[in-house]
Structures are given as C-alpha cells and as structure tokens.
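**Student:** Structure in structure tokens, see below.
The values are calculated or read from the model by the stated rules, or taken from the named source; none is laboratory data. All values derive from a computational prediction rather than experimental measurement. Glycine also receives a Cβ, built like all others from the backbone with ideal geometry; neighbour counts cover every protein chain displayed. Surface accessibility is based on the protein's heavy atoms, side chains included, excluding ligands, DNA and RNA. Shrake-Rupley method; radii C 1.70, N 1.55, O 1.52, S 1.80 Å.
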Amino acid sequence: MKTAPPITLALLNGHVWTGDPSRPEAQAVALAGDRIAMVGTTDDVRAAAGGAETLDLHGQFVTPGFIDAHVHFLQGGFSLTAVQLRDANTRNEFVERIRKFAAATPPGTWILGGDWDHTRWGGELPRRDWIDAVTRDHPVWVNRLDGHMALANTAALEAAGVTDRVADVAGGEIVRDASGRPTGLLKDNAMDLVGGKVPPPSPEQNDRALDAAMTYVAAQGVTAVHHMGTWDDLEVFERAWRAGRLITRIQSAVPLSTWQRLASTVASKRFGADGHGDRWLRIGVLKGFADGSLGSHTAAFDEPFTDAPADRGLFVTTPQDLYTWISGADRAGLFVAVHAIGDRAIGTVLDLFERVERENGPRDRRFRVEHAQHLRPADIPRFSQLNVIASMQPYHAIDDGRWAEPIIGPVRIRTTYAFRSLLDAGARLAFGSDWDVAPPTPIEGIYAAVTRRTLDDRNPRGWVPEQKITVDEALRAYTSGGAYASFREHDEGTIAPGMLADLTVIDRDLRAIPPEQIRDAHIVRTIVGGKTVYLRR
Ligand SMILES: [Zn+2]
C-alpha cells in the first residue's frame, strides 16, 4: 500500500480560491513538501495535519500562485539594482544619489540606468561637471526616463573614446557648452557614442539582477514567470537553476529566428531527460515580433492612424520570415509566441498560425499572440477556434487608455484590450505585466482588468467599460491561464491535491470589496514549492 507523504504545513481558516472547478472554494490547504496534499474544511485539514506546523489565516484570501505570462525578467532586475533617480527632485539629490551609489560600487564598474527626469528640478539638463568630482573611478551613463537622452560623466566619455572634438551625429544631438565642449548629455542617435560602448554585465551583475527580480516579484505574489528574452538570459537562469537558487519558476523564451538552435538544445537534453527542463526552469518556447507599438505609431493596422492619415504602422519582421520560422519551429516540436499589437499584425499572425496548423497537421501547439491589443472584431472568435492564447497585460490598458483614442479613433478602441469579447468568444487569456515596461504586480493587473479605470482616473466607470471582466475571470487569467499557456496546468495554476504548492496569500478577499479598492490589497505571504519566499512584515 502506498502511503501519503507526511503533511508539512497546514493553512487554516482562510478563504481559499482554488481555481479548481470541482471544488472552487475551501477553508484550508495542507502541503506535503513541495506539493499540495489536501484541500478542504479547516476541521478536516486540521485533523489530517496531526502534529504538522499550522498557520491560522484569520480569513485571509488564498489563490494559486500568480503566473506573470510576459516579463523581461533581467531588465526588471537591473531596474531594481540600478541607481534610482526617477524621483530625484533637485539637482543636489541627483548628484547625491549618484555619489552614494558610486561609493558602494567597485571602482571601474559602469553606473547605468537611473531614469531621471529634469522637469522635477525646473528643467535644467544635467551636465557631467555636476557629478565628475564624485565619480572619478566610475564611468556613469544614466538615462532620462523616456530613454531619449542620457548623461555621461568624463570617465564614460573617455572610456567610449568621445573627445571634445567629436563630430555631430545625424538624428541626434551632442549638447555642448558655450566653448563647444560636450557637456556629457547626448540625445537620440548621439547616445550610441557611449551606449554602444557599455560593456555587457558581468555574470555577478546578472546573478544579482536575477536575485533582485525574484525577490521583488515574490513580494507581488508571483510564483512563476514567462520570460521573453535572449540566449544570454537563459544562461543566467541556467546558472541559478543548477545552483538550486531559483525561487521563481521561469519559462524562458528565446528569439524565434533561432529556432534551430533551440531545437538542438532540446535534443541535447542539457535541460534534462525530456529536453524542456523541469518544474523550475523550462525551455522550448520561441518569441517573435510582428510589429512595433502603439505609442510610437509602429503597430501595424489595416487603416491609417487617426492622427497620422498617411501611416498605418509597420511589420518589424516580414510575414514570409515569420511563416518560415513558425513553420520550422512547429515541425521541430517547439512552441511559438508572437508579439502582435495592431489589428493587421494580429490578423496576419492568426493567418500564419492557421496555415501552419493546416500544413503540419493536428498537434497540441497552443500558439500565443503576445499583447493582442487592437483586434479586428472578426478575429476575436479565431482565438478559440484555433486554440490560440491571448497573452495580455491589463495594466497597459489603464495606461494606454489615457492617450490611445486620438491615435486610433473611437471605433477601434472598442476592441482594444478586448478581455470581455475574447472570453465571451471562448478564448483563453494569460495575463502578465510586460515588466520592466510596467510594474510586475498582479494586484494592479486585476484592478486594471476589472475596473479599466485609467491611471489618470479620468474614466471612473472604466475606459471602454463593456470590456471589463470579473475578479474570478482575472484571477483565472493570472493563474490557470498562464499555466495552460506554458503547458503546466497539471502542476501549476490551481489549488488541488497533487499540484505544486505555489500559493499567494492576500490580506482581503478581492471578490468581496468594491473593485476600486482592489489595488489597496496587500500580499501577505508567497509560497513556492511549499517554502515561504515572501512574508509581509
Ligand atoms: Zn514585452
């Protein structure tokens, strides 16, 4: 007779939202090592727990661990470990933060990032002479928050070979003082003069960024992420995986054009017997790009932009290349996600998915459209017909909602971030953040999907309110939706016996409060594989 493994931790007296249709609600959960052993009433679970450690939840809300289905994890980590200048309100503060950061950083290390905003101190552009005296041993290259200008100190200009006689750059500006000497501030294309010379991060810097990212998302209740990145990123994850250092489960996508390299990596079994990794680190997914973004007018639409009648956006990869790569990847047994934002890009990607399925035959392939922002009404039912996952970031909706209508007009916004229409048509949603572009906070994402109140609070009833969804639906998109999108639904995304013990404890039941209060909820505890990785103090 097989005996059940001993219970190691019992969570009692909670409101447990399981995501499991056979038992949607419970009071208590028992864990045995890294798996869930039992879900039920407090009395039943207490009786089964015997002498195991128990935790009284006092009515707190428990969900399956959140899965963020679209992140740039290391960029996110670097944004946390960089010098923080975003809220430097005076010139003195700007200088002081850089001085302190340099003092705590080994000499010779580049100081990067920052995200400063000169409008906070009256609009004077920063100059290298502000910081040179406190950064003699560190090249400094800190950017404005929009990424369109950055300041280099003298050490950085010297390291990049930029002299006082440097020639002007087309499409950019080298800001110079009255004598013609560069002040260190470079704009747009001129930024390459220094930006192109910054050495890649060291393994130690990468490891630190990963650790910072994992710790940060754990505090947001996130237990797994789908990373969209590069082979170099995968190397960083692999190092942490082999060292047993991961506290976030990572599915790591690599560029679609490199599908042959991924096919041979899977075949090499470097990531374990099935080639695709294990419950901590997974490979096998490719990420491609169809178009650009709405804000920069580079998303591909059928009709021109409302504010730019000669322009309807562009493809950043030709449909022919997309087809060749998707088809090859699919035949090799790999999985494909494609960034598509404008309606023409999304429709084209759905056409390609349909064609590849027809040509390569039936298979459980779960193609993904990343972002899926602006949909032709006719394409909405195709997601469920083709079993294509809509991988969407609801926070973008309440951000873009402030400025999208002048760009695409009153008709196209009705099927923009069309959560309701997609669900009604039977589509599967996987929600994520797109961190570091947006905050990696599922609570904010749920708030966004349920209220659609834009960040400027100018749409109190919701921006395109008919596309709002319920808390239950948003929770599913952040849990079982992400699990399904990564072929992990047998291990992740629901609270049921046998599933991995990934749980998020929240201080209030998100379904029981007015929707506008959702964003005030706090993550209390995050458990990954039976271990507490975040505890609110
Ligand atoms: Zn992204």
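**Student:** Quick one: which of 26-35, 339-348 comes out on top by average Cβ neighbours within 10 Å, and what's the full order, highest first?
**Tutor:** Final packing ranking: 339-348, 26-35.
**Student:** Expected output is a single nm value to one decimal: the length gained when fully extending between Thr119 and Asp424, i.e. 0.36 nm times separation in residues minus the C-alpha distance. What is it?
**Tutor:** Extra length available between Thr119 and Asp424 comes to 105.3 nm.
**Student:** Quickly work out the His490-to-Ile513 label distance, labels modelled 7 Å from Cα along the C-beta direction, and quote it in nm with one decimal.
**Tutor:** 3.8
**Student:** If we sort 463-475, 302-314 on the protection proxy, mean other Cβ atoms within 10 Å, highest first, what's the order?
**Tutor:** Details: 463-475: 18.8, 302-314: 14.4.
Result, highest mean first: 463-475, 302-314.
**Student:** How far apart, in nm, are the 7 Å Cα→Cβ label points at Trp231 and Arg331?
**Tutor:** Placing both labels 7 Å beyond Cα along the Cβ direction yields 2.1 nm.
**Student:** Can I ask one more? Taking R0 as 22 Å, what's the FRET efficiency between Leu80 and Val169 from their Cβ-Cβ distance, rounded to 0.05?
**Tutor:** Values: r = 31 Å, r/R0 = 1.43.
So the FRET efficiency works out to roughly 0.10.
**Student:** Can I ask one more? Which of the peptides 291-301, 354-364 is most tightly packed, and how do the rest follow, going by the mean number of other Cβ atoms within 10 Å of each residue?
**Tutor:** Values: 291-301: 19.5, 354-364: 12.3.
Peptide ranking by packing, descending: 291-301, 354-364.
**Student:** With the full set of protein chains in place, find how many percent of the accessible area of segment 1-150 is carbon and sulfur; take the probe as 1.4 Å.
**Tutor:** Details: 3560 of 6990 Å².
Carbon and sulfur together cover 51 percent of it.
**Student:** Can you work out the FRET efficiency for the pair Glu53 and Asn92, with r the C-beta to C-beta distance and R0 = 41 Å, to the nearest 0.05? Walk me through the intermediate numbers first.
**Tutor:** Values: r = 50 Å, r/R0 = 1.23.
For Glu53 and Asn92, the calculated efficiency is 0.25.
**Student:** Here's a follow-up. Heavy-atom accessible area per residue, segment 208-328, 1.4 Å probe: how many Å²? Spell out each step's value before the answer.
**Tutor:** Working: 4790 Å² over 121 residues.
Here the per-residue accessible area is 40 Å².
**Student:** Within the set of other residues whose C-beta is less than 13 Å from the C-beta of Met228, count the net charge using Lys and Arg as +1 and Asp and Glu as -1.
**Tutor:** Net of charged neighbours comes to -3.
**Student:** Between Ser22 and Arg181, how high is the FRET efficiency from 1/(1 + (r/R0)^6) when r is the Cβ-Cβ distance and R₀ = 56 Å? Nearest 0.05.
**Tutor:** 0.20
**Student:** What nm distance separates the two modelled labels at Thr318 and Gln260, each placed 7 Å from Cα along Cα→Cβ?
**Tutor:** Inter-label distance under the simple model: 1.8 nm.
**Student:** Relative contact order for segment 409-537: what is it in percent, counting Cα pairs under 8 Å that are at least 6 residues apart?
**Tutor:** Relative contact order, segment 409-537: 20 percent.
**Student:** Multiplying the sequence separation of Thr215 and Lys100 by 0.36 nm and subtracting their Cα-Cα distance, what value in nm do you get?
**Tutor:** Working: separation 115, 0.36 × 115 = 41.40 nm, distance 2.31 nm.
Extending this stretch completely gives an extra 39.1 nm.
**Student:** Okay, next question. Per 0.36 nm of contour for each residue apart, how much would the distance between Asp456 and Asp43 grow if the chain were fully extended, relative to their Cα-Cα spacing?
**Tutor:** Result for the pair: 144.0 nm of gain on full extension.
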